[in-house]
Amino acid sequence: MASAMLSLASACPSASLSAHENLKVKLKPGSASLSFNKEKSNLFINTKSSGRISMVAVVNASRFEGVTMAPPDPILGVSEAFKADTHESKLNLGVGAYRTEELQPYVLNVVKKAENLMVERGENKEYLPIEGLAAFNKVTAELLFGADNPVIKQQRVATVQGLSGTGSLRLAAALIERYFPGAKVLISSPTWGNHKNIFNDARVPWSEYRYYDPKTVGLDFEGMLADIKAAPEGSFVLLHGCAHNPTGIDPTPEQWEKIADVIQEKNHIAFFDVAYQGFASGSLDGDAASVRLFAARGMEILVAQSYSKNLGLYAERIGAINVVCSSADAAARVKSQLKRLARPMYSNPPIHGARIVANVVGDPSLFNEWKAEMEMMAGRIKNVRQKLYDYLSAKDKSGKDWSFILKQIGMFSFTGLNKTQTENMTNKWRVYMTKDGRISLAGLSLAKCEYLADAIVDSFHNVS
Amino acid sequence: MWRFMGGRFSRSTRCMSSSSRAFGWWEHVSPAPKDPITGVTEAFLADTNPNKINLGVGAYRDDEGKPVVLQCVRNAEAKIAACEFLESNAAAVGSKLVEESVKLAYGTHAHVVKERRVTGLQALSGTGACRLFAELQRRFYPGSPIYLPNPTWSNHHNIWRDAQVPERGFRYYNPITKGLDFAALMDDVKNAPDGSFFLFHPCAHNPTGVDPTEEQWREISYQFKVKNHFPFFDMAYQGVASGDLDMDAQAIRIFLEDGHLIGCAQSFTKNMGLYEHRVGCLSVLCADVKQAVAVKSQLQQIARSMYSNPPVHGILLVSTILNDPQTKALWVKEVKVIMFTLISFLHVPFLFSSFWSREILIFL
């Protein structure tokens with residue numbers, strides 16, 4: 001408890017003597033972090049003196065003495081390390097945030113236009129209802145399912161605005177915990193790092209299904225189906241709607257059909273995380289195909305959406321949770337319960353991002369402009385993939401097949417590099433990436449493809 | 001057909017075609033009761049009577065009943081619309097906001113601020129700040145209850161319940177005197193087990209509007225020393241209670257003087273009229289810098305699983321207002337105007353009597 005004694009002395013030097021004596025009597029050194037709860041009354045100085053002066057002299061030891069340092073986030077930690085690096089050649093392929101060819105962050109033109117419109121209108125700042133901006137909820141569901149989709153027309157979708165993908169996933173997790181106590185969520189191996197945190201904090205048990213096959217650097221489809229089949233009936237299966245993070249490996253349409261078959265067979269519920277609609281193929285409708293396939297089969301599904309990547313609204317935290325139910329009545333009830341979960345988390349969601357999305361998607365000319373900008377962003381990533389592949393094929397004389405780079409979809413590529421090789425990438429080549437071998441192509445320029453190819457070839461062949 | 005197996009509902013039938021499915025997964029989900037506060041607004045919006053008045057939610061309105069945007073906020077909006085803000089700057093702006101918020105609550109020159117012992121995280125307004133603390137409390141003091149004043153803002157009950165922290169009440173409002181039941185409050189403070197977590201409204205108690213006097217706060221603080229209780233302050237009305245930002249934080253300053261290590265939730269919703277942007281701050285005063293860093297890392301982790309990062313727009317607005325001396329001066333003036341306008345509407349600082357159903361409350 002040395003720290004407590006130090007802070008006592010600094011708080012009131014003139015009274016430190018009496019405080020010190022109290023301290024010696026009352027504290028049990030060394031027991032602090034072990035049995036903090038039970039021995040609270042012994043750990044803190046119990047001054048029974050009636051005068052205010054001696055009371056002022058004493059500072060309680062902190063309640064949070066036992067709080068340990070949380071480990072750095074594996075993804076955000078990469079950016080922090082990158083910032084600290086002073087080498088000129090450094091390359092940040094960590095976080096999945098889109099960068100231009102000049103490796104600058106990018107604010108979409110449609111977003112600027114929408115924001116200007118909003119400033120001109122001078123809208124008020126009233127609380128949104130708990131479920132969020134109605135205009136946003138309408139357009140986000142239509143974007144996902146298609147405005148003419150029966151699930152929309154029949155009002156069977158409960159849509160609630162959420163704080164981007166994370167917030168929407170958390171609402172869904174809380175719903176699962178409350179209404180399906182004990183039900184498990186099956187998540188892909190690997191998956192986005194924060195999925196596990198979300199389910200852990202929501203107290204929803206989870207287990208993994210096989211997904212990535214390191215031998216083929218492709219999908220372990222048989223393993224995936226087997227693990228989904230083996231799970232207890234009525235499990236939730238977390239699927240990435242498009243552009244799987246971190247691998248970039250998506251099932252084919254035929255494989256999606258088979259996945260839907262197994263899920264129906266086992267009475268599981270499909271739970272989609274759609275963070276890259278439009279970004280994967282460049283087509284908003286194309287990227288929603290998997291979700292629409294399941295909805296078309298009449299299946300009840302959950303879908304979390306995010307506008308962080310496809311509208312560049314990372315910092316505004318805009319997304320939604322959609323629950324497709326078998327009836328409009330069920331959807332209304334589910335929506336009311338989602339609201340009840342949101343209220344004690346943040347009361348009501350932030351409006352700015354919701355307004356931007358509603359304005360962009362709701363205005364035909366802005367919407368078309370957005371589609372064009374999205375195609376441009378997705379196109380840049382495709383070009384970068386091609387260039388990287390070309391350099392890798394040219395530089396790697398071993399005959400290794402690097403075509404998985406071209407087959408993978410979206411911002412990320414799973415290089416197949418192991419932890420040690422990844423460390424070599426960072427330590428020798430100043431290429432910052434996550435330890436699982438994932439690189440964010442959104443952070444790569446055509447100009448740096450050759451350098452990266454050299455780094456990858458070196459790490460792959462010269463380091464084990 | 002539903003069966004409750006092994007602690008959960010599951011369907012006993014095998015796959016059904018879409019057309020034959022009569023029951024879905026969500027059959028057992030009942031409609032949630034209306035939120036006692038926002039439900040009033042929902043009912044108001046649905047009402048077609050031209051004479052309707054909404055006295056439910058505590059959101060400041062002008063004389064025509066229209067929501068008000070402060071001029072300092074409009075100035076800040078114009079400023080930030082001109083510059084391109086990018087997600088890469090978010091962390092820096094967030095830290096700046098925390099610094100400014102903490103100074104506002106603890107005092108610009110407070111020694112605990114200079115010693116960097118106050119850790120903080122931007123939060124989704126007051127609700128979000130309280131929720132972060134509730135989760136922290138559960139994580140590091142599992143099983144410890146939170147003592148809430150009776151009555152308190154209805155959402156306090158929801159927040160600690162959803163964070164799975166048990167709740168206890170302490171006596172606060174005396175309906176007969178329509179004032180503070182100070183003797184009962186002190187009794188409850190003394191009778192609670194040593195080291196209990198208490199929540200206080202440092203000014204403008206919601207829903208009663210009844211606050212302890214300075215003397216009473218000092219006595220509470222003293223008793224807290226004796227009992228080693230943890231004081232958590234939910235400050236949602238700094239500036240609009242008395243018109244003076246420091247005066248409204250007086251309770252906090254008293255506890256700081258007495259050496260308590262406190263927690264504090266702040267909201268910029270009411271005093272900056274930023275309802276829809278969800279800007280707030282949770283701060284925890286720690287024994288030393290090392291501990292402050294550790295607690296912050298835990299708070300970040302809790303936030304990461306809930307929403308990753310807070311929305312930047314509101315943070316930018318608040319930061320712009322607090323950092324620019326001219327805009328900040330304008331804000332300090334406008335806050336007084338809100339306060340005077342609210343006082344002129346009513347002769348008494350609050351309305352909370354058997355006249356009104358519990359669901360319809362005016363906060364002042």
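The values are calculated or read from the model by the stated rules, or taken from the named source; none is laboratory data. Since we're looking at a predicted model, the values are computed, not measured. Note that each Cβ is placed from the backbone with ideal geometry, even for glycine, and that neighbours are counted across all protein chains shown.
The rows are residues; the columns are (1) hydrophobic (A, V, I, L, M, F, W, C); (2) at pLDDT 95 or above; (3) part of a loop (DSSP other than H, G, I, E, B); (4) within 24 Å of A:Gly443 (Cβ to Cβ).
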position: A:Glu102; (1), (2), (3), (4): no, no, yes, yes
position: A:Val107; (1), (2), (3), (4): yes, no, yes, yes
position: A:Met118; (1), (2), (3), (4): yes, no, no, no
position: A:Leu128; (1), (2), (3), (4): yes, no, yes, no
position: A:Thr140; (1), (2), (3), (4): no, yes, no, no
position: A:Val160; (1), (2), (3), (4): yes, yes, no, no
position: A:Arg170; (1), (2), (3), (4): no, yes, no, no
position: A:Ala174; (1), (2), (3), (4): yes, yes, no, no
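Kindly indicate whether A:Glu222 is acidic (Asp, Glu), within 14 Å of chain B (Cβ to nearest Cβ) and either over 27 Å from A:Phe279 (Cβ atoms) or in a helix (DSSP H, G or I) (or both).
Values: acidic (Asp, Glu): yes; within 14 Å of chain B (Cβ to nearest Cβ): no; either over 27 Å from A:Phe279 (Cβ atoms) or in a helix (DSSP H, G or I) (or both): yes.
No.
Residues B:Leu299, B:Leu282: which one is more than 7 Å from chain A (Cβ to nearest Cβ), part of a helix (DSSP H, G or I) and of a type in the set (A, V, I, L, M)? Talk me through it step by step, then tell me what you get.
Numbers: B:Leu282 fails: part of a helix (DSSP H, G or I).
Testing whether each residue is more than 7 Å from chain A (Cβ to nearest Cβ), part of a helix (DSSP H, G or I) and of a type in the set (A, V, I, L, M) leaves just B:Leu299.
Consider only pairs whose beta carbons are under 6 Å apart and that are at least six residues apart or on different chains; among these, list those whose first residue lies in segment A:65-93 and is more than 19 Å from A:Val431 (Cβ to Cβ) and whose second residue is small (Gly, Ala, Ser) and crowded, with 16+ Cβ neighbours inside 10 Å.
A:Glu65/A:Ala32; A:Val67/B:Ala294; A:Met69/B:Ala294; A:Met69/B:Ser297; A:Ala70/B:Ser297
Determine which member of the set B:Ala90, B:Ala59, B:Ala32 is closer than 30 Å to B:Pro310 by Cα, at pLDDT below 75 and touching a Lys or Arg at 6+ places or on another chain (Cβ under 7 Å). Spell out the reasoning first.
Details: B:Ala90 fails: touching a Lys or Arg at 6+ places or on another chain (Cβ under 7 Å); B:Ala59 fails: touching a Lys or Arg at 6+ places or on another chain (Cβ under 7 Å).
B:Ala32 is the lone residue from the list that is closer than 30 Å to B:Pro310 by Cα, at pLDDT below 75 and touching a Lys or Arg at 6+ places or on another chain (Cβ under 7 Å).
Can you work out which of the residues in segment A:302-327 that are aliphatic (A, V, I, L, M) and within 11 Å of another protein chain (Cβ to nearest Cβ) is nearest to A:Ala354 (Cα to Cα)?
A:Ile318
Tell me which of these A:Pro181 doesn't satisfy, since it passes every other one: (1) touching a residue at least 12 places away in the same chain (Cβ under 8 Å); (2) surrounded by fewer than 23 Cβ atoms within 10 Å (Cβ to Cβ).
Failing condition for A:Pro181: (1).
Could you please give the count of residues in segment A:375-414 that are among the β-branched types (Val, Ile, Thr) and free of Cβ contacts under 8 Å to residues at least 60 places away in the same chain?
Matching residues across segment A:375-414 total 1.
So, in segment B:108-145, how many residues would count as being farther than 22 Å from B:Ala292 by Cβ and crowded, with 24+ Cβ neighbours inside 10 Å?
Looking only at that region, the number is 2.
Test A:Val357 against the stated conditions and say whether it is surrounded by 24 or more Cβ atoms within 10 Å (Cβ to Cβ), in a helix (DSSP H, G or I) and under 23 Å from the mean Cα position of the chain (by Cα).
Numbers: surrounded by 24 or more Cβ atoms within 10 Å (Cβ to Cβ): yes; in a helix (DSSP H, G or I): yes; under 23 Å from the mean Cα position of the chain (by Cα): yes.
The answer is yes for A:Val357.
What residue, among those in segment B:31-53 that are polar (S, T, N, Q) and in a helix (DSSP H, G or I), is farthest from the other protein chains (Cβ to nearest Cβ)? If you could, list the steps in order and put the result at the bottom.
Here is the first cut: in segment B:31-53, the ones polar (S, T, N, Q) are B:38, B:41, B:48-49, B:51.
Checking which are in a helix (DSSP H, G or I) leaves us with B:38, B:41.
On the way: B:Thr38: 6, B:Thr41: 8 Å.
It comes out as B:Thr41.
What are the residues in segment A:279-315 that are in a loop (DSSP other than H, G, I, E, B), closer than 21 Å to A:Glu115 by Cα and either out of contact with any strand residue (DSSP E or B) (no Cβ under 7 Å at 6 or more places or on another chain) or among the polar types (S, T, N, Q) (or both), if any? Let's see the steps before the verdict.
So the first thing to find is which residues in segment A:279-315 are in a loop (DSSP other than H, G, I, E, B), and the list is A:279-283, A:288, A:297-300, A:307-313.
Imposing the further condition that a residue be closer than 21 Å to A:Glu115 by Cα reduces the set to A:307-313.
Across segment A:279-315, the qualifying residues are A:Ser308, A:Lys309, A:Asn310, A:Leu311, A:Gly312, A:Leu313.
Can you list the strands (runs of 3 or more DSSP E) lying wholly within segment B:102-174 that have 1 or more residues being of a type in the set (S, T, N, Q) and over 22 Å from B:Gly195 (Cα atoms)?
On the way: elements: B:118-123, B:146-150, B:167-171.
It comes to B:118-123.
For B:Leu70, state whether it is within 11 Å of chain A (Cβ to nearest Cβ), within 20 Å of B:Ala241 (Cα to Cα) and at pLDDT 75 or above.
On the way: within 11 Å of chain A (Cβ to nearest Cβ): yes; within 20 Å of B:Ala241 (Cα to Cα): yes; at pLDDT 75 or above: yes.
Yes: the conditions hold for B:Leu70.
For segment A:142-158, what are the residues that are in contact with a helix residue (DSSP H, G or I) (Cβ under 7 Å, 6 or more places away or on another chain) and either part of a helix (DSSP H, G or I) or among the hydrophobic types (A, V, I, L, M, F, W, C) (or both)?
Residues of segment A:142-158 in contact with a helix residue (DSSP H, G or I) (Cβ under 7 Å, 6 or more places away or on another chain): A:142-146, A:149, A:151-152, A:154-158.
Residues satisfying the conditions are A:Glu142, A:Leu143, A:Leu144, A:Phe145, A:Val151, A:Ile152, A:Val157, A:Ala158.
Residues to consider are A:Gly410, A:Gly416; find the one that is assigned to a loop (DSSP other than H, G, I, E, B), surrounded by fewer than 23 Cβ atoms within 10 Å (Cβ to Cβ), touching a helix residue (DSSP H, G or I) at 6+ places or on another chain (Cβ under 8 Å) and among the small types (Gly, Ala, Ser). Walk me through it before giving the result.
Details: A:Gly410 fails: surrounded by fewer than 23 Cβ atoms within 10 Å (Cβ to Cβ).
Answer to the selection: A:Gly416.
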